[in-house]
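Values quoted throughout were computed directly from the atomic coordinates according to the rules given, and no laboratory measurement underlies them. The structure presented is a predicted model; accordingly, all values stated were derived computationally and were not measured. Ideal geometry is used to build each Cβ from the backbone, glycine not excepted, and the neighbour counts take in all protein chains shown.
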Amino acid sequence: MGLTLADYGTMAMLFMLIVASLAMYFIRDLMHAVIVYGAYTLVMALIWLQMNTPDLAITEAAAGIGMTVMMMVVIYRTSRKEE
Amino acid sequence: MKDFVLRRVVALLLPFIQMFGIYVIMHGHTSPGGAFAGGMVVGLGVIGFSTVFGIEQGKTKMPEHVTTITESYGTLWYILMGLVGIFKGLPFLANKLAVDVGVPGELTSGGLIGLIGVGVGIRVASTMVTLFFTMMEEEA
């Protein structure tokens, strides 16, 4: 198998995506889950860059890191807390 | 928020964030990015500012009557640019504004695409800011 160093880097980042997704399900604190989601989106943007699609990387960085996390923080601050 | 470092950094970074967003909008047809991503960056600059400095001061940057006008006229600009093709006897959004569309890779190449991107960018930026203000006001 002719795997280069970049391939192992992509595989490590994909593994981080799996870990972050599972962590978001099991974390009970909502703000911590939003922070983990921010890390998930950052790794996802790096994967897009690794796959030679910088267009999607910019959109992911703006829409994911900026917009979604910002909106989730606003929703967290304005909604009432369960449990 | 009262944090000195946060306030100073956001105040210093705001023009650079907006400049990068405008750059991404203007170069949407020659480089990665586009009107949607660039407009989102421009909107995020204002959103970050009003998160740190408070919603009242953020509304002095982008008042409600300004966002209403930019939202509506961004869409109207897109339709007008699309109708250029129809006036020339071609399909909607046909890219025939200039006779020569320029050298590929330059800013003036692409004909109508860059002009459409400006309207889309303005529309996306004002929509994001309006969404944020509407959601924050329900905190009360």
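Details
- Peptides B:6-19, B:66-79 ranked from most to least packed give B:66-79, B:6-19, packing being the mean of other C-beta atoms within 10 angstrom over each peptide's residues.
- Put in order of Cβ neighbour count within 10 Å, fewest first, the listed residues B:V118, B:V24 become B:V118, B:V24.
- Alpha-carbon radius of gyration plus Dmax, which is the widest Cα pair, for region A:5-78 in Å: 13.2, 45
- Residues B:H29, B:H65, A:H32, sorted so that the one with the fewest Cβ neighbours within 10 Å comes first: B:H65, A:H32, B:H29
- Restricting the calculation to Cα atoms, region B:7-86 yields a radius of gyration followed by a Dmax of 14.9, 50 Å.
- Shape of the protein assembly as shown, Cα gyration tensor, a/c cut at 1.5: oblate
- Chain B - Rg and Dmax from Cα coordinates, angstrom: 17.7, 60
- Between region B:50-93 and region B:105-140, the Cα center-to-center distance that results, in Å: 7
- Qualifying chymotrypsin sites (Phe, Trp or Tyr not before Pro) in region B:80-132, where qualification requires a DSSP coil assignment and no more than 13 other C-beta atoms within 10 Å, comprise B:F92.
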